[in-house]
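All of the numbers you see were taken from the coordinates with simple rules; none came from a lab. Treat the numbers as computed from the prediction; the structure is a model and nothing was measured. Cβ sites come from the backbone with ideal geometry, for glycine too, and all protein chains shown count toward neighbours.
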Amino acid sequence: MKPTLSKAAQQLREQFDDTFPDRDRRSDGWIGDARHSSRPSDHNPDPKTGVVRATDTDRDVHKSGKPDLMPDIADQIRLAAKAGDKRIAYVIFNGRIASSRLGWRWRKYTGSNPHNHHCHVSFTSKGDEDGSFFQIPLLGANK
């Protein structure tokens, strides 16, 4: 079965690309490498559906890296989930993670990769087929 990226992840990536067409993409990714495949990871395809439920987006949305908007974008993704977007499972960025586990509050992330160079977003299975627009102000929402 050929891996596919969840529709929610595709939509988020499209919003990044539409808003920041010249952004740096060196740390972008979605499908896990050999290191990911040796352990549970949302970057690995679901064994039943082949859907990958994670995406990484390079921190530098401006090629120069200035201004550094990713801290604000990551926070807006977190707030979209807190406001009720059930497609988002968790967000990891800059040594912090947010999920529903603690009411979408940021807490220290203790994994081996602090995600300083990219923002990681994992999605629930609700995002497999739901590619609707994310209400994230810095990514094109009207809010």
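When the residues of region 86-143 are filtered to those that are hydrophobic (A, V, I, L, M, F, W, C) and free of Cβ contacts under 8 Å to residues at least 12 places away in the same chain, the one that is farthest from ASP72 (Cα to Cα) is LEU102. Within region 121-143, the only residue that satisfies the criterion of being more than 15 Å from PHE16 (Cβ to Cβ) and in a strand (DSSP E or B) is SER122.
Looking only at helices (runs of 4 or more DSSP H) that fall completely inside region 1-120, which ones have 2 or more residues that are surrounded by 17 or more Cβ atoms within 10 Å (Cβ to Cβ) and either among the aliphatic types (A, V, I, L, M) or out of contact with any helix residue (DSSP H, G or I) (no Cβ under 6 Å at 6 or more places or on another chain) (or both)? So that I can check it myself, show each step before the final result.
Values: elements: 7-19, 34-37, 70-82.
Filter on region 1-120 gives 7-19, 70-82.
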